[in-house]
1. Considering only residues of region 179-204 that are crowded, with 20+ Cβ neighbours inside 10 Å and assigned to a loop (DSSP other than H, G, I, E, B), which is farthest from the ligand (Cβ to nearest atom)?
2. Pairs, please: C-beta under 7 Å, at least 6 apart or cross-chain, first residue without any contact (Cβ under 8 Å) to a residue 40 or more places away in the chain and crowded, with 23+ Cβ neighbours inside 10 Å and in region 34-57, second among the aromatic types (Phe, Trp, Tyr) and part of a helix (DSSP H, G or I)?
3. Return yes or no: is Gly143 crowded, with 22+ Cβ neighbours inside 10 Å and either more than 10 Å from the ligand (Cβ to nearest atom) or of a type in the set (A, V, I, L, M, F, W, C) (or both)?
4. Exactly one of (1) more than 13 Å from the ligand (Cβ to nearest atom); (2) in contact (Cβ under 8 Å) with a residue 40 or more places away in the chain is unmet by Thr149. Its number?
5. Being within 14 Å of the ligand (Cβ to nearest atom), buried (at least 16 other Cβ atoms within 10 Å of the Cβ) and assigned to a loop (DSSP other than H, G, I, E, B): is that true of Ala16 here?
6. Phe211 is checked against (1) aromatic (Phe, Trp, Tyr); (2) in contact with a Pro (Cβ under 8 Å, 6 or more places away or on another chain); (3) away from the ligand (no atom under 11 Å from the Cβ) and fails just one. What number does that condition carry?
7. Considering each residue of region 108-123, count those that are within 16 Å of the ligand (Cβ to nearest atom) and either crowded, with 16+ Cβ neighbours inside 10 Å or assigned to a loop (DSSP other than H, G, I, E, B) (or both), and give that number.
8. Would it be correct to say that Glu227 is within 14 Å of the ligand (Cβ to nearest atom) and under 16 Å from Ser122 (Cβ atoms)?
Amino acid sequence: MANNLLKGKRGIIFGALNDMSIAWQVALKAHEEGAEFVLTNAPIAMRMGAINELAEKTNSLVIPADATSLEDLENLFSKAMEHLGGKIDFVLHSIGMSPNVRKGKHYTDIDYKFYNQTLDISAGSLHKTLATAHKMDALNEWGSVVALTYIAAQRIFPDYNDMADAKSLLESITRSFGYHYGIKKKVRVNTISQSPTVTTAGQGIKGFDEFINFSDQMSPLGNASAEACADYCVAMFSDLTRYVTMQNLFHDGGFSNTGVTQPVIEKFGNIE
Ligand SMILES: NC(=O)c1ccc[n+]([C@@H]2O[C@H](COP(=O)([O-])OP(=O)(O)OC[C@H]3O[C@@H](n4cnc5c(N)ncnc54)[C@H](O)[C@@H]3O)[C@@H](O)[C@H]2O)c1
């Protein structure tokens, strides 16, 4: 049910590749809630994905941008403001990629050129996005920036590989930039730490299917879906959460505070 929570707000949504993408769901919900926004993704993803279909559904413009390129980001913010008719109120950073994961490199034997790419694409891109917006004064006061993260930033999940390092950095950038942007412009910056979710990026992780079941059974409410994550993002973009900033917000059905659950204990009943 739509409540016009984002009526009159202008946004930029990064990272909708296909209808499994979390960003795709966020775009649908933001549209339902009355927002106007621009969709963006890396130029290469335009060819692989279905972003034009989403643009049609949400009546939005697509502006390609590699989120590691300052030039692309500057072009994105200036075209988005021109198209939407003013400064931006919300930004979703929904970007993650590790060449080490893709190429099956073990964490103890990563390729360092790939490692730099992982950190640049998955975390540095948030700093570059915020720095570009800050320099261009492209965000309205009380604007809200949300980046998506995972609990591997705090705890070891071995197959998450170097993405864990990238997520730790992403969360640190959120705190640091959140401080400076808050002081200067009352812009808030947060991460949402989402349950494992079946998407193109998620499926790249080794043993993902087993892991998603484990996580589901370790969460009192079960895994949170991409649609539910989109609801939380909309809440964070709305005026109802204006004093939330510099936080890592768990959206995981309770997984992060659970030591063990009965269904998981029962799996170990017959071990001699
Ligand atoms: N799927 C999960 O289990 C899960 C759990 C927690 C957090 N997350 C995070 O959610 C976010 C979205 O991932 P998703 O699961 O929806 O997968 P996805 O593969 O649909 O989205 C990842 C997006 O990053 C984009 N991207 C990659 N390189 C880019 C670049 N250089 N410039 C701009 N965009 C680029 C891709 O094109 C893609 O659209 C990621 O940050 C991911 O780490 C995912």
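1. Going through the qualifying residues, I end up with Val187.
2. From residues that are without any contact (Cβ under 8 Å) to a residue 40 or more places away in the chain and crowded, with 23+ Cβ neighbours inside 10 Å, the pairs are Leu54/Trp24.
3. Considered against the rule, which asks whether it is crowded, with 22+ Cβ neighbours inside 10 Å and either more than 10 Å from the ligand (Cβ to nearest atom) or of a type in the set (A, V, I, L, M, F, W, C) (or both), Gly143 comes out as yes.
4. The one condition Thr149 does not meet is (1).
5. yes
6. (3)
7. Residues flagged as within 16 Å of the ligand (Cβ to nearest atom) and either crowded, with 16+ Cβ neighbours inside 10 Å or assigned to a loop (DSSP other than H, G, I, E, B) (or both) within region 108-123 amount to 9.
8. Here the answer is no, as Glu227 does not meet what is asked.
Laboratory data are not the source of any read-out in this text; all were calculated from the coordinates shown. Source: prediction; values computed, not measured. Note that each Cβ is placed from the backbone with ideal geometry, even for glycine, and that neighbours are counted across all protein chains shown.
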